[in-house]
Structures are given as C-alpha cells and as structure tokens.
There are 2 protein chains.
Amino acid sequence: MARPREFDEACVLDAVMETFWRTGFEGTSAQALVDATGLGRGSLYAAYASKTGLFEQALRRYQRRAQDHVDQLRQPGSPLARLRDLMEGIVEADCAGSDRRGCLATNSAIEMSGRDPHVAELVRDNFSILIRGIAETIRRGQDAGEIRDTADAETLALFVFNAVQGLRVLAKTTPAQDRATLIAVIDQTLAALR
Amino acid sequence: MARPREFDEACVLDAVMETFWRTGFEGTSAQALVDATGLGRGSLYAAYASKTGLFEQALRRYQRRAQDHVDQLRQPGSPLARLRDLMEGIVEADCAGSDRRGCLATNSAIEMSGRDPHVAELVRDNFSILIRGIAETIRRGQDAGEIRDTADAETLALFVFNAVQGLRVLAKTTPAQDRATLIAVIDQTLAALR
DNA sequence: CTAGTTTTGGAATATTCGTTCCATAATTGG
DNA sequence: CCAATTATGGAACGAATATTCCAAAACTAG
C-alpha cells in the first residue's frame with residue numbers, strides 16, 4: 001500500500017446513507033453524494049465503483065439501525081411494553097419529526113426491490129434482523145404468559161412486523177396532529193397478541 | 001375551440017399512470033412518457049404543463065382502483081370473507097405476479113409524500129376511500145355479530161388498512177413461494193377482529 | 001371557403017446525469 | 001532518499017434530463 005485513504009470510511013458511508021435515506025436512489029445524484037461526503041468524484045468512484053455500489057454499501061450499513069431496534073427490544077421489562085416502545089418510537093420518529101424520511105429499508109423495498117434483486121436481498125436481510133428480534137421478544141412474552149401461545153412466535157412476529165411496515169407507510173401521510181390514530185393502531189395490534 | 005384533441009385523455013392518462021406505477025416518479029423520464037403515450041413532447045406539455053402535473057393527474061386517476069376495491073368489498077356475502085378476498089387479492093397481485101409494482105398510492109407515499117405536500121394530500125385522499133370502504137364493511141360485520149364491537153368500526157378499519165399497507169411492503173420482497181407466510185399474516189389480522 | 005385558433009410532433013435548448021480520466025500530491029517499502 | 005504505488009479532486013465526457021419553441025397541419029365558426 002502506497003498511500004492510505006484520507007477519509008473515514010464509516011463517516012463517508014454514513015453521509016451517503018443519510019442522503020439516499022432522505023431522497024431515495026433515483027432522487028440522489030452523484031453530485032449530491034460528492035457534496036454530502038466532501039470527497040472528490042474520483043475518490044468516490046475509486047472506492048465504491050458506482051452509484052449502485054454506493055447504495056448497496058449504504059444499505060448494508062443501515063443494518064446497524066435494525067440491530068439497534070433489536071437491542072432496544074432486549075432491554076429488561078415487559079415484552080409487550082418493549083414492543084409498544086418500539087412501535088411508538090417509530091411513529092414518533094417518522095411522523096412527528098419534520099424529516100419524514102421513514103425507514104431506508106422500507107423505502108428501498110418500495111423503490112428498488114421490484115427491479116434490483118440484489119437490493120431486494122439486502123432489504124430482506126434487514127427485515128429478517130428485526131423480525132427475529134420481535135419473535136424473540138414474543139417468545140419471552142409467551143413464557144411469561146403475557147402473550148397467547150395459540151400461534152407460534154414466528155407467525156405472531158411477522159404479524160407485528162407487518163403492522164410496523166404499515167405504520168411506516170401511514171406515518172408518511174399522517175399529519176403530526178393525527179398521531180393519536182396511529183397509536184390506536186398500535187393498541188389494536190398489541191391487543192391481538194393477548 | 002379551433003381544433004379538438006386527437007388523443008383520448010383517458011387512454012393517455014392510463015398509459016402515464018402505468019408508467020409512473022412501474023418505475024416511480026424519479027425513475028420515469030419525459031421520454032418514457034412520450035414513448036408510453038405515443039404523443040409528441042409538445043402535446044404532452046401543452047396538455048399537462050409538467051412532469052409533476054402529469055404525475056398528479058395520474059395519481060388522481062388511480063383513485064378508480066381504490067373505488068374498485070370498495071366495490072369488491074360491497075359484494076354480497078360475509079364481511080369477513082370480503083375482507084379476506086381483498087387482502088388475498090392484494091398478496092396475489094403484488095407477490096405472485098411478475099409485475100411487483102405494488103400500489104401506486106403506497107409507492108407515492110414512500111417516494112413523494114415527504115417532499116411534496118400536494119402529492120401527500122392526493123395519497124391521503126386515495127387512502128381515505130379504501131379506509132371508509134373497510135369501515136363500512138366492518139360495520140356490516142359488527143351488525144351481523146361476526147366482528148367484535150369492543151372497538152368502533154373506524155378504529156378497526158385503520159387497523160386493517162394498516163395491515164394492508166404492510167402487506168404491500170412485504171410483498172415487494174417476499175419470494176412468490178413464501179406467499180403462505182403472508183396469508184398467515186392475513187389470518188392473524190382477521191382473527192383480531194373476532 | 002376563409003380567417004382564426006388550437007393541436008401536433010419533432011427540432012432545439014440548456015442543464016444535469018453518471019462515469020472516466022489524469023496530472024498532482026502523498027505515502028511507504030527498500 | 002528514491003522509486004513505486006495509491007489517493008486526490010477537479011476537468012472532461014457523452015448521454016440523458018426536463019422543458020421550450022415553432023412551423024406545419026387540422027379543425028371550427030362565420
């Protein structure tokens with residue numbers, strides 16, 4: 001190796017991720033990525049080959065966020081309460097925040113999965129992390145007698161995860177003042193686990 | 001009026017809608033719209049002003065589809081069975097079909113609602129149509145004693161609609177052979193209404 | 001039939017797109 | 001300290017972008 005990279009790869013990927021997250025794949029230009037990272041075009045392409053490569057790396061990096069959610073689920077306390085925290089946190093972030101950027105994996109599922117199988121796989125991986133985390137939490141709830149065991153944990157987990165994805169869609173169009181209606185959806189979803 | 005339009009507005013808007021539906025707003029070029037409609041650039045811009053104008057008209061036209069779903073819900077028979085038909089039809093179309101284009105309103109909610117308030121409103125309108133249809137169906141189910149009345153129909157309708165939106169997201173990444181897992185989600189959702 | 005108006009469709013515009021290239025700078029192993 | 005090697009960042013590329021323009025065609029009202 002003759003010369004080391006000047007930039008911090010983690011920082012650069014975070015900036016890239018942030019940009020794709022905010023404006024999507026098609027909505028993000030190479031120029032926008034140059035601006036966001038502060039790197040020259042040449043450096044960016046030497047390191048990541050193409051816009052698609054950049055996107056895939058960013059999506060990989062996003063799995064951290066899914067893992068963060070799982071960690072949150074593992075915190076001590078009632079499993080049902082942990083699930084509620086997760087869902088309310090999502091509504092709060094997607095709906096109250098002025099960002100409205102939602103979830104990068106969800107956005108990518110909608111924008112890209114149909115056309116790019118590679119992206120579809122990365123999204124599936126991302127989804128799987130949270131689904132497994134939810135299943136684990138539900139199993140704990142079943143053991144504690146807090147959640148019914150008339151269906152297995154995996155089935156219930158997918159049911160909850162499905163509701164989470166629904167919330168990510170609805171939060172995009174629900175005015176902040178109507179947040180309460182989404183909380184009602186959370187109530188119904190969690191009640192269905194009892 | 002000196003000269004009438006040569007093209008059928010409905011046909012043109014259908015072609016435009018189809019294109020935006022398949023490739024999204026940012027992913028669709030003016031050229032693609034020219035190709036899809038067969039019109040000249042000038043005619044297209046004279047009639048619809050801009051790509052955004054075209055998109056909004058297409059999204060308006062899409063409300064027909066929502067209305068079609070409501071009509072389907074109103075067909076005779078058990079309200080729960082009608083809801084199941086709706087949801088299974090969606091899974092079938094989004095997942096089994098090689099299209100994978102999903103729902104234009106859902107796609108637009110994800111891609112555009114955060115940045116374009118006008119689009120957000122059109123999406124909300126679109127959503128409202130189906131939500132009201134579901135609420136009406138649930139009310140029928142409650143009257144027939146088939147659906148619990150421990151929550152009002154509007155709340156339950158949003159819960160069901162939320163699940164539908166979740167399915168639209170999941171169907172994008174679920175391989176056709178795993179369709180059964182989505183049917184299980186439908187089962188859980190409908191069971192929660194009893 | 002004609003004058004007036006609108007549509008038509010393709011040429012033309014300036015801008016932006018993703019990507020490649022390259023001279024320069026920086027670093028390291030020998 | 002001297003090659004050899006790699007990173008840097010901005011210039012340059014052709015293709016594609018959204019939009020505008022306009023001469024010719026087509027229709028209608030009188």
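Is it true that some residue in segment B:154-176 is of a type in the set (S, T, Y), touching a residue at least 12 places away in the same chain (Cβ under 8 Å) and in a loop (DSSP other than H, G, I, E, B)?
Just the residues of segment B:154-176 that are of a type in the set (S, T, Y), to begin with: B:155, B:173-174.
Those left that are additionally touching a residue at least 12 places away in the same chain (Cβ under 8 Å): B:174.
Right, trim to in a loop (DSSP other than H, G, I, E, B) and you get B:174.
Yes, that holds for at least one residue.
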> So, of the residues in segment B:64-99 that are open to solvent by less than 50 Å² (accessible area, probe 1.4 Å) and under 30 Å from B:V34 (Cβ atoms), which turns out to be modelled with the highest pLDDT?
Replying inline: B:A66
> Got a sec? Which of B:L86, B:L44 is within 14 Å of DNA strand C (Cβ to nearest atom) and either out of contact with any Lys or Arg (no Cβ under 7 Å at 6 or more places or on another chain) or on the phi < 0 side of the Ramachandran plot (or both)?
Replying inline: B:L44
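Determine whether segment A:63-77 contains at least one residue that is over 21 Å from the mean Cα position of the chain (by Cα), more than 14 Å from chain B (Cβ to nearest Cβ) and away from DNA strand C (no atom under 16 Å from the Cβ). Outline the logic, then answer.
So the first thing to find is which residues in segment A:63-77 are over 21 Å from the mean Cα position of the chain (by Cα), and the list is A:76-77.
When the remaining residues are screened for being more than 14 Å from chain B (Cβ to nearest Cβ), the result is A:76-77.
So of that shortlist, the ones also away from DNA strand C (no atom under 16 Å from the Cβ) come out as A:76-77.
The answer is yes, given that some residue of segment A:63-77 is over 21 Å from the mean Cα position of the chain (by Cα), more than 14 Å from chain B (Cβ to nearest Cβ) and away from DNA strand C (no atom under 16 Å from the Cβ).
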> In this structure, does A:A176 turn out to be crowded, with 18+ Cβ neighbours inside 10 Å and either under 22 Å from B:R168 (Cβ atoms) or in contact with a helix residue (DSSP H, G or I) (Cβ under 8 Å, 6 or more places away or on another chain) (or both)?
Replying inline: no
> Only one of (1) open to solvent by 10 Å² or more (accessible area, probe 1.4 Å); (2) over 20 Å from B:D178 (Cα atoms); (3) of a type in the set (G, A, S) fails for A:A171. Which number is that?
Replying inline: (1)
>> For the list (1) crowded, with 17+ Cβ neighbours inside 10 Å; (2) facing chain B (nearest Cβ under 10 Å), I need the number of the one condition that A:R115 fails.
In response: (1)
> Among A:I110, A:I183, which is facing another protein chain (nearest Cβ under 8 Å) and open to solvent by 10 Å² or more (accessible area, probe 1.4 Å)?
Replying inline: A:I110
> Are any of the residues in segment A:122-140 at the interface with another protein chain (Cβ under 9 Å from one of its Cβ atoms) and open to solvent by 30 Å² or more (accessible area, probe 1.4 Å)?
Replying inline: yes
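The values are calculated or read from the model by the stated rules, or taken from the named source; none is laboratory data. Note that this is a predicted model, so its numbers are computed, not measured. Please note: Cβ atoms are built from the backbone with ideal geometry, for glycine as well, and neighbour counts cover all protein chains shown. With ligands, DNA and RNA removed, areas are computed over all heavy atoms of the protein, side chains included. Shrake-Rupley method; radii C 1.70, N 1.55, O 1.52, S 1.80 Å.
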